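Working notes, beginning with the structure itself.
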Amino acid sequence: MILSDKKILKAIAEGEIVIEPYDRAHLGTNSYDVHLGRWLAVYRDAVLDARKHNAIEYLEIPEEGFVLQPGQLYLGVTEEYTESHSAVPFLEGKSSVGRLGIDIHATAGKGDVGFCNTWTLEISCTLPVRVYAGMPIGQLIYFAVEGEIENFYNKKPSAKYNTRTDKPVESMMWKNSF
C-alpha cells in the first residue's frame, strides 16, 4: 500500500519519516518531490572493477547549470536528507525529467526501512541536457510495511551507506565478499 499525502504528513509529524529540508509545497498526492543537490561525481577510470574501490571526482554544479553528456554515468545527490523508520521509500524520476531523456537511477530505486541519508542518483541521459542544482529531480513514494522489522538498515553492521553526506557516494560493491 502506498502512503497518501495525509499518511505521509502523519508519519512526518510522528517522526517516522524525516525530510530535511522539508517544504509542504513539495508534497504531492502520494509522493514527495526531491531536488538535485549541487554535487555530481564521475568515476576517474574508464573501466570499473566490482572488486576494487573505484575513485570518483566531484563536480560542483555552477549557477549556469551543467551539461550532462550521453554515454557518461554521473552520480548525483538529492538536496534532501531523509529518514524512514516504518515505511519503505522508493525513489522514482519525475515525468518531466524523464521527458528530457534523464534517468536518475539504474537499479537502486528502493530504500530500506531505517535508511537515513541523502540519496545518491545514478544519472544518465540520452541527449546532452543542462541540469541545475535545486531542480526537481525525483519523487519519494512510501510503501507501508506489514509485520515487525528485525533488521533496520541504519542498525546493520554491514550497511555501506550510513555516513551522512551532501555528496554522491560511489559504489561500495568492493566491500562485499564474492
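Here, each number is a calculation from the coordinates, and none is a lab measurement. This one's a predicted model, so the numbers in the text were calculated from it and none came from an experiment. Glycine also receives a Cβ, built like all others from the backbone with ideal geometry; neighbour counts cover every protein chain displayed.
Going by average Cβ density within 10 Å per residue, which order do the peptides 110-116, 96-102, 153-159 take, highest to lowest?
The most tightly packed comes first, giving 110-116, 96-102, 153-159.
Between segment 129-169 and segment 1-73, what is the separation of their alpha carbon centroids in Å?
8 Å
Expressed in nm to one decimal, what extension gain is obtained for the pair ASP112 and VAL88 from 0.36 nm per residue of sequence separation less their Cα-Cα distance?
The ASP112-VAL88 span can extend by a further 8.1 nm.
Place a +1 charge on the Cβ of each Lys and Arg in segment 27-97 and a -1 charge on the Cβ of each Asp and Glu, then give the dipole magnitude about the Cα centre in debye, rounded to the nearest 20.
Value, rounded to 20: 320 debye.
Select from TYR132, GLY147, GLY101 the residue farthest towards the positive end of the dipole of segment 84-170; place +1 on Cβ of Lys and Arg, -1 on Cβ of Asp and Glu, and compute about the Cα centre.
Projecting each Cα onto the dipole axis, the largest value belongs to TYR132.
On full extension of the chain, what length is gained from ARG99 through ASN162, given 0.36 nm per residue of separation minus the C-alpha to C-alpha distance?
Taking 0.36 nm per residue and subtracting the Cα distance, the gain is 19.5 nm.
Starting from the Cα of LYS6, draw a straight line to each of the lysines and keep only those under 23 Å, dropping any in the same chain fewer than 8 residues away.
LYS94, LYS110
Would you please give the residues with an amide H less than 5 Å from that of LYS110, counting only those at least 5 places away or on a separate chain, with H modeled from the backbone geometry?
Here the answer is LEU91, since their amide H atoms fall under 5 Å of that of LYS110.
With +1 assigned to the C-beta of every Lys and Arg and -1 to the C-beta of every Asp and Glu, and no other charges, what is the dipole magnitude of the chain about the Cα centre in debye, to the nearest 20?
280 debye
Going by amide H atoms built from the backbone, whose H comes under 5 Å of the H on GLU80, apart from near neighbours?
Sorted by chain and number, the residues that satisfy this are HIS35.
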